[in-house]
Amino acid sequence: MLNENIKAIRKSKGLSQEELAVKLNVVRQTISKWEQGLSVPDADMLISISEALETPVSTLLGETVAEMEADGLRALSEKLEVINLRLARGKTMRRRVIHYFFILLCAAIVVIFAALVVLKSPYLGWDYTKPETAMTAVLFNAFEWLFVRIAPLVFIGALAGACLTRKRG
């Protein structure tokens, strides 16, 4: 809502992100993050944005001027708090998904290694004179060769990723 309004109003005023950034004394990437919804401006910056875009803060937040409460700054801070909470929840959810992905990757590597150990590389005893088994043996050999060389590095990376993305508390 806020991000879409900033972008729409900026474009309707004929300003680029760079021009708005200069007016607000911020870098262009900050404007980009606001417009993508990756971050939100604080209350003071929101007032500066409304002045730079010559638009009421209530319009930026998606309200009509008549809907603005008497205690505008308080209402504004409450809306920003709600937006920040949504962003924080989204960040927490992404972190949790990445964390479990790394754990799943570690588990998959361990399971594949265990399967290779249990199978004792059966492709070595296959009959390479038959095209079906020869092709399967070559593919399995290539997979095992790549896996044995790359998997330890991926495992270490996944372990590090799982540790770095765990919930700190």
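Would it be correct to say that ILE109 is touching a residue at least 24 places away in the same chain (Cβ under 8 Å), of a type in the set (Val, Ile, Thr) and either touching a strand residue (DSSP E or B) at 6+ places or on another chain (Cβ under 6 Å) or under 30 Å from GLN36 (Cβ atoms) (or both)?
The answer is no for ILE109.
Within the stretch 23-47, how many residues turn out to be more than 15 Å from LEU2 (Cα to Cα) and of a type in the set (A, V, I, L, M)?
Matching residues across the stretch 23-47 total 3.
For PHE147, are the conditions met, namely being part of a helix (DSSP H, G or I) and in contact with a Leu (Cβ under 8 Å, 6 or more places away or on another chain)?
Details: part of a helix (DSSP H, G or I): yes; in contact with a Leu (Cβ under 8 Å, 6 or more places away or on another chain): yes.
It is true that PHE147 is part of a helix (DSSP H, G or I) and in contact with a Leu (Cβ under 8 Å, 6 or more places away or on another chain).
What is the residue count in the stretch 29-57 for residues that are surrounded by 14 or more Cβ atoms within 10 Å (Cβ to Cβ), assigned to a helix (DSSP H, G or I), under 27 Å from the mean Cα position of the chain (by Cα) and of a type outside the set (A, V, I, L, M)?
Residues in the stretch 29-57 being surrounded by 14 or more Cβ atoms within 10 Å (Cβ to Cβ), assigned to a helix (DSSP H, G or I), under 27 Å from the mean Cα position of the chain (by Cα) and of a type outside the set (A, V, I, L, M): 5 in total.
Output the residue which, of all residues in the stretch 1-56 that are among the polar types (S, T, N, Q) and touching a Pro at 6+ places or on another chain (Cβ under 9 Å), is modelled with the highest pLDDT.
That would be THR30.
For the stretch 72-121, enumerate the residues that are among the aliphatic types (A, V, I, L, M), under 25 Å from MET1 (Cβ atoms) and within 15 Å of the chain's Cα centre (by Cα).
Result: LEU87, ALA88, MET93, VAL97.
The values are calculated or read from the model by the stated rules, or taken from the named source; none is laboratory data. Note that the structure is a prediction, hence the values are computed from the model and not measured. Please note: Cβ atoms are built from the backbone with ideal geometry, for glycine as well, and neighbour counts cover all protein chains shown.
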